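To start, the structure under review is shown below, and the notes come after it.
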Amino acid sequence: MTQAPTRRPAAKQARQPNQQPTSAPESAPRRHVGVLIVGSGFAGLGAAIRLSQDGRDDYLVVERGSEVGGTWRDNTYPGAACDVPSHLYSYSFELNPRWSRSFSPQSEIQDYLRGVAAKYNIGDKHLFNTEVTLARWDAAANRWLVDTTGGEFSADVLVSAVGALCEPALPDIKGIESFQGEVFHSARWNHDADLAGKRVAVIGTGASAIQIVPAIADRVGHLDVYQRTAPWIMPRHDRDYPRAERLIYKYVPGAQRLAREAIYWGRESFVLGFAFQPKILLAAQRMATKHIAKQISDPQLRARVTPDWQIGCKRILISNDWYPALQKEHVDLVTDGIAEVRPNAIVTRDGTVREVDAIVVATGFHVTDSPTYELIHDAGGRSLASLWSVRGMQAYKGATVSGFPNMMFVIGPNTGLGHSSMVYMAESHINYVLSALDELRRHGIATFDVRDEALREYNAGLQSRMKQTIWTKGGCASWYLDAHGNNTTLWPSFTFTFRAMTRRFDLAAYRTTAKADRADRPLETVAEGVPA
Ligand code: NAP
């Protein structure tokens, strides 16, 4: 049976205990909140906690899933784990001494997020199973009108924390819809599908696939792995944290923070190669080449798994069991492109027909063309997707877009990383949101809209820096680049510069209007005279 993997009707998600009802009566009036946060992954949950800590209770989080967690709730595929060490891949305000190993499995990260949500007691600030269907700016009322599957809302400020990796991308392969067996996306793993003894195909060899293939290889009857582009893979230096070490993290003041700092700075050093001097990465490429040589003896297979682009151009993957899995008797690496899918088989361009019972599509996400951007409309009804289809994704400091007042992203365009923790970037953006809210309150501001010239100048600087990065110069095609060939996804510098840049809301970059009770002050110029 074919499972539609892209969108889940929110109403079909299971309700968790203590969750609020998800649908409002037809006639229910629009509920107003100060801040409406969309999404409750690391970014949205972190924003909610910080708002609560700041004494701002006038907010609500709408989340289409049935609980917190975002991508860590959705990606339950076998072998799912983080490739950034958990001491760093966690909130700075909530270190967890109980991590069981350096690279935590998905279930442990999801448990951590559940635990954090419970500890900060913000469950009643969430509407789960609630999907945004439209958000439009009402210029007359100076507020966002947000329609959801759980009722209608208005908000002074809209915070989009949906993340870049939330909308699975299906491969556009002829005939795939006619496949009669199980077919599902890695991020929508169908746990009811019994793969034991079955002929299974995995399409893709990215970060998800290289975790899935070794995890299912011994369970299935036969496995075909369809590789379009070979990835660079480094050894995975993973280890259990023994009990004694965990006790040290728990009881010795500063020990875990020190471990976190060490990981942070070690990872930060990669930026030199990624963003400034790509030649530095050649040493890493030599290590990855040795990894292939050490794990594969067959020269033909070695050649087929060796990328023809420079390491770092796409995400550097880590695995000790990917190459061994490919060499198992019943596993085939298929590098001839896929021509079509038939009801019971995949046909490659050389005409070979391989019969399969199930297909796992590990083909990534809609990042630069996320359907979520179609749901956000400016005062004139123009969607963010339509704006960005012309000029590419652009947001001032990754957070704000001209023409979309009072809306902020937490981890928006050009905030992604290939080397370190996205939680750090999310926390930086949360600082920016909180600082913005402070400024609004302090100066009686009703609306803020980033000046077009500020956004243009910011983006020009960013794209100019992008030219010298490995992502531009490395000779690969990747999801980092949009249809215009611009890298609109990654942050091209050190993360501490991003932290510094987002520490304070820079009102001078924004056009603002005053609240009605400050109407004696001229509109558009409230920010003038405000100390920077
Ligand atoms: P991905 O990195 O975008 O990889 C998708 C794979 O599918 C690539 O090998 C791609 O080939 C292939 N593909 C796409 N369309 C195809 C088609 N039509 N026919 C054949 N092959 C096709 O996706 P992902 O593996 O899900 O990872 C996405 C991102 O999620 C990662 O970059 C990372 O940021 C994050 N992630 C992180 C972790 C972690 O440990 N922290 C784990 C998993 C994912 P090409 O290379 O030729 O495009």
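Each reported figure results from applying straightforward, stated rules to the coordinates on display, with no laboratory input. This is a predicted model, so every value here is computed, not measured. Glycine also receives a Cβ, built like all others from the backbone with ideal geometry; neighbour counts cover every protein chain displayed.
Per-residue counts of other Cβ atoms within 10 Å, averaged by peptide: what ranking do you get for 369-375, 147-153, highest first? Walk me through the intermediate numbers first.
On the way: 369-375: 17.9, 147-153: 19.9.
Answer by packing, highest mean first, reads 147-153, 369-375.
Ranking request for peptides 78-88, 199-209, 317-327, 280-290: highest mean number of other beta-carbon atoms within 10 Å first, then the rest in descending order.
199-209, 78-88, 317-327, 280-290
Give me H237, H429, H32 sorted ascending by neighbouring Cβ count inside 10 Å, so fewest comes first.
Details: H237 10, H429 26, H32 14.
Arranged by neighbour count, lowest to highest, H237, H429, H32 become H237, H32, H429.
Can you tell me how the chain classifies by the Cα gyration tensor, rounded, prolate or oblate, using a/c under 1.5 as the rounded cut?
Taking the square roots of the gyration eigenvalues as a ≥ b ≥ c, the chain is prolate.
Ranked by Cβ crowding within 10 angstrom, fewest neighbours first, how are V331, V162 ordered? Display every interim value, and only then the final one.
On the way: V331 20, V162 27.
By the 10 Å Cβ count, ascending: V331, V162.
In terms of the Cα gyration tensor, with a ≥ b ≥ c the square roots of its eigenvalues, is the range 352-425 rounded because a/c is under 1.5, prolate because a/b exceeds b/c, or oblate?
Because a/c hits 1.5 or more and a/b fails to exceed b/c, the range 352-425 counts as oblate.
Which angle from 0 to 90°, rounded to the nearest 10, does the C-alpha axis of helix 452-466 make with the longest principal axis of the chain?
30
Trypsin sites (Lys or Arg not before Pro) within the range 127-189: which are DSSP loop residues with at most 10 other Cβ atoms inside 10 Å?
Hits after loop and neighbour filter: nothing returned.
Round to the nearest 10 and give me the degree value, 0 to 90, for the angle of helix 255-268's Cα axis relative to the longest principal axis of the chain.
Helix 255-268 sits roughly 80 degrees off the main axis of the chain.
Return one number: the angle in degrees, 0 to 90 and rounded to the nearest 10, between the long axis of the Cα atoms of helix 282-295 and the longest principal axis of the Cα atoms of the chain.
40
Assuming 0.36 nm per residue, please report the length gained on full extension of the stretch E329 to R503 beyond their Cα-Cα distance.
The span from E329 to R503 would gain 57.2 nm if fully extended.
Given the -39500 (n - 2.57) contribution per DSSP H run of 4+ residues, what per-residue ellipticity at 222 nm results for the chain, rounded to the nearest 500 deg cm²/dmol?
Value at 222 nm, helices only, nearest 500: -8000 deg cm²/dmol.
Quickly rank 246-257, 397-408 as a protection proxy: mean count of other C-beta atoms within 10 Å, highest first. Working shown, then result.
Details: 246-257: 13.4, 397-408: 23.9.
Packing proxy ranking, top to bottom: 397-408, 246-257.
Which shape class, rounded, prolate or oblate, goes with the range 402-455 when its Cα gyration tensor gives a ≥ b ≥ c as root eigenvalues, a/c under 1.5 marks rounded, and past that a/b bigger than b/c marks prolate?
oblate
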